[in-house]
Amino acid sequence: MLKIGSYSFKSRLLLGTGKYPDFDIQKQAVDVSDTDILTFAVRRMNIFEASQPNFLEKLDLERYTLLPNTAGAKTAEEAVRIAKLAKASGLCDMIKVEVIGCWKTLLPDPVETLKATEELLKEGFTVLPYTSDDVVLARKLEELGSHAIMPGASPIGSGQGIINELNLSFIIDQANVPVIVDAGIGSPADATKAMELGADGVLLNTAVSDAKDPVKMAHAMKLAIEAGRLGYEAGRIEKKSYASASSPTEGMSVN
């Protein structure tokens, strides 16, 4: 069970809702993923315009918890304003804080992320900050009271998978709140690896929405995350320098 603040979820896959070819494929992908959490950029939705197309209309919202994000914010002030807009629309009090500091790499601004996180925690939000794989920054975000930490595996939408496994492991090992790997996942193998490292969940979007078959990829990601978590909980064998027979050799006849 994945617990974030006062929320509990069966699925450890958090699924983004952008860039799908059409609403029908998006709905099918969401269905087969078995996700409990759907995330979306508030700025890309006409949440107060009933006449505009809205993917939420295609989904049974009783099944999902919505995780609005502050994508597009350049400052803490903008992020806080976007979060309050989402809350005012009645969507959810849980928010993914995303403050971009470099528009070429889409890496987050650490200073503004800390500011936005601190302010939104004071406002009573359940806060999940998106951050780089900076170990110290992750700790400071947790010390502020963040309900989860969301370090990127690699740049947003790049599909490069986990670039800095060591830092990600450090973040996971020191955290006392859920660590959800967010950004850069490209394949089911990447998602499994994140979970084998001990991550509590994986958030992804592009890896599914831009796949040749988004529906099949959503299913694959579901299975990959489940397998990775089971593998982590089971505990992998120690790596050895030499072969080790899988069957006992005692009592075997010698020719």
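The values are calculated or read from the model by the stated rules, or taken from the named source; none is laboratory data. This is a predicted model, so every value here is computed, not measured. Please note: Cβ atoms are built from the backbone with ideal geometry, for glycine as well, and neighbour counts cover all protein chains shown. SASA here: full protein model, heavy atoms, side chains in, ligands and nucleic acids out. Shrake-Rupley method; radii C 1.70, N 1.55, O 1.52, S 1.80 Å.
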Fill in: Residues (among the basic types (Lys, Arg) and either assigned to a helix (DSSP H, G or I) or open to solvent by less than 70 Å² (accessible area, probe 1.4 Å) (or both)) located in region 1-45
ARG12, LYS27, ARG43, ARG44
Worksheet entry | Filtered residue count, region 172-213, keeping only those that are over 19 Å from GLY157 (Cα atoms), out of contact with any strand residue (DSSP E or B) (no Cβ under 9 Å at 6 or more places or on another chain) and in a loop (DSSP other than H, G, I, E, B) | 1
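Conditions tested, residue by residue: (1) among the small types (Gly, Ala, Ser); (2) under 16 Å from the mean Cα position of the chain (by Cα).
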{"residue": "VAL136", "(1), (2)": "no, no"}
{"residue": "PRO155", "(1), (2)": "no, yes"}
{"residue": "SER158", "(1), (2)": "yes, yes"}
{"residue": "LEU168", "(1), (2)": "no, yes"}
{"residue": "GLY186", "(1), (2)": "yes, yes"}
{"residue": "THR192", "(1), (2)": "no, yes"}
Fill in: Residue tally, condition in a helix (DSSP H, G or I) and either touching a Leu at 6+ places or on another chain (Cβ under 6 Å) or buried (at least 17 other Cβ atoms within 10 Å of the Cβ) (or both), over region 146-169
2
Discussion item. With among the small types (Gly, Ala, Ser), in contact with a Pro (Cβ under 8 Å, 6 or more places away or on another chain) and farther than 22 Å from PHE9 by Cα as the only criterion, which of GLY161, GLY157, GLY184, GLY201 stands out?
Written reply: GLY184
Worksheet item: Do we find a residue being within 19 Å of ALA227 (Cα to Cα), of a type in the set (A, V, I, L, M, F, W, C), in contact with a helix residue (DSSP H, G or I) (Cβ under 8 Å, 6 or more places away or on another chain) and at pLDDT 70 or above anywhere in region 35-55?
Response: no
Item to complete: Considering (1) open to solvent by less than 10 Å² (accessible area, probe 1.4 Å); (2) in a loop (DSSP other than H, G, I, E, B), say which one LEU128 fails and leave the rest.
Response: (2)
